[in-house]
């Protein structure tokens, strides 16, 4: 990923999710850029001017790093349990001069691993009709695509394994899985073109572990999982690249909390506050949400603001969603979900002074039930953008007038060019409060 200074965890999550769904189980953060000065201009970097994503403390989103790395750690720990469940070994061939296309077509609901000549001749065997490896992995079939070149010795080895009861398929990807039961079947109801989900399956003892996620379209529908204990079907409602870690064991299926649906109320009026020193107004009233670059009556410098600004609103609830007894509050509270809609790019949610959640990717929503009370409630959302817009503004100024600093080398960095177009940032919304109870009498 080339540097743009518009990097955010939402897009990094997309990359991580796609790789987790292909079997990657361990992420490495490569090269922390050393910036020893604490009294210099941000974001600062001593590394290349157009390489990678700078994970440096000068980033606007540095306070969100813990949330992001906690998520990656949780996914990696889950995906390193047990062993993968993979249907087919795809033979790479004897005359491979480049890596295979990782996006090559393979039927939905199935997985394949690559097989090279070394493993074919030295490690692969057949037991009880399955291809097995010394580490415990096993496969239903070996697939040889039509384009693969085979030496005579290789064909003899494949024939030898077939004679021992292994299923060797010469043909298409569909031929390779013919007659096999899919590991997962998904049926979307939101969009007929979005029936599939991203997934990976592992087995740990008597537990089946499924990493599942939506693609860029999101997913709403049902998914049926093939497990050691039979088929299990769950209803899923996933925002783009939202994921679930599902564990099925004997007699136990994971529960997936549904997203509360309408009725809902919309929060439109906000007070927006910016920190001083960056050309933005200290405080302004908004009767509807717009990106910072489109704020009315604000200077070019103010509309180019990068960093953290606060949105506050008061909302009146006619009753408390919590019962009077604190002891049973968590068990019986009415779910009250604050859905922020679109955010660019990070948000911390506070209700009545209590921090509720740090949100850094879709869906930007959280349960605020424990924090609200009957009567007036203050909702504050601290929204953090990337550095892109401020760097773009400063690049049009003489160096001595700039309030930011990085390696000002014009290369492939889009914000370090004259008259760069500002990116969308801020709370875009719509912001809605959703509950299973009727909220028609709630005002704000």
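When the range 343-368 is filtered for residues that are buried (at least 20 other Cβ atoms within 10 Å of the Cβ) and outside any loop (DSSP other than H, G, I, E, B), the ones remaining, listed by number, are 343, 344, 346, 347, 348, 349, 351, 356, 359, 365. From the list 385, 425, which one is within 22 Å of residue 300 (Cα to Cα), touching a helix residue (DSSP H, G or I) at 6+ places or on another chain (Cβ under 6 Å) and either modelled with pLDDT of 90 or more or not assigned by TED's automatic domain parsing to the domain that holds residue 272 (or both)? Result of the check over 385, 425: 425. May I ask you to verify whether residue 138 is outside the structural domain of residue 19 (by TED's automatic domain parsing) and in contact with a strand residue (DSSP E or B) (Cβ under 6 Å, 6 or more places away or on another chain)? Yes, satisfied.
Just one of the listed residues (109, 166) is outside the structural domain of residue 227 (by TED's automatic domain parsing), on the phi > 0 side of the Ramachandran plot and touching a residue at least 12 places away in the same chain (Cβ under 8 Å), and it is 109.
Working only within the range 209-240, note down all residues that are within 20 Å of residue 251 (Cα to Cα) and either touching a helix residue (DSSP H, G or I) at 6+ places or on another chain (Cβ under 8 Å) or in a loop (DSSP other than H, G, I, E, B) (or both). Matches in the range 209-240: 209, 211, 228, 229. Could you tell me how many of the residues in the range 178-205 are modelled with pLDDT of 95 or more and over 21 Å from the mean Cα position of the chain (by Cα)? The qualifying residues number 10. If only residues of the range 299-333 that are surrounded by fewer than 16 Cβ atoms within 10 Å (Cβ to Cβ) and touching a strand residue (DSSP E or B) at 6+ places or on another chain (Cβ under 9 Å) are counted, the one that is modelled with the lowest pLDDT is 318.
For the range 1-29, filtered to residues that are in a helix (DSSP H, G or I) and free of Cβ contacts under 8 Å to residues at least 40 places away in the same chain, the residue that is farthest from the chain's Cα centre (by Cα) is 19.
Residue 65: touching a residue at least 40 places away in the same chain (Cβ under 8 Å) and either in contact with a strand residue (DSSP E or B) (Cβ under 8 Å, 6 or more places away or on another chain) or surrounded by 15 or more Cβ atoms within 10 Å (Cβ to Cβ) (or both), yes or no? No, not satisfied. For residue 281, are the conditions met, namely being surrounded by 15 or more Cβ atoms within 10 Å (Cβ to Cβ) and assigned by TED's automatic domain parsing to the domain that holds residue 382? Criteria met by residue 281.
The values are calculated or read from the model by the stated rules, or taken from the named source; none is laboratory data. Being a predicted model, the structure only gives us computed values, none of them experimental. Cβ atoms come from the backbone with ideal geometry, glycine included; neighbour counts cover every protein chain shown.
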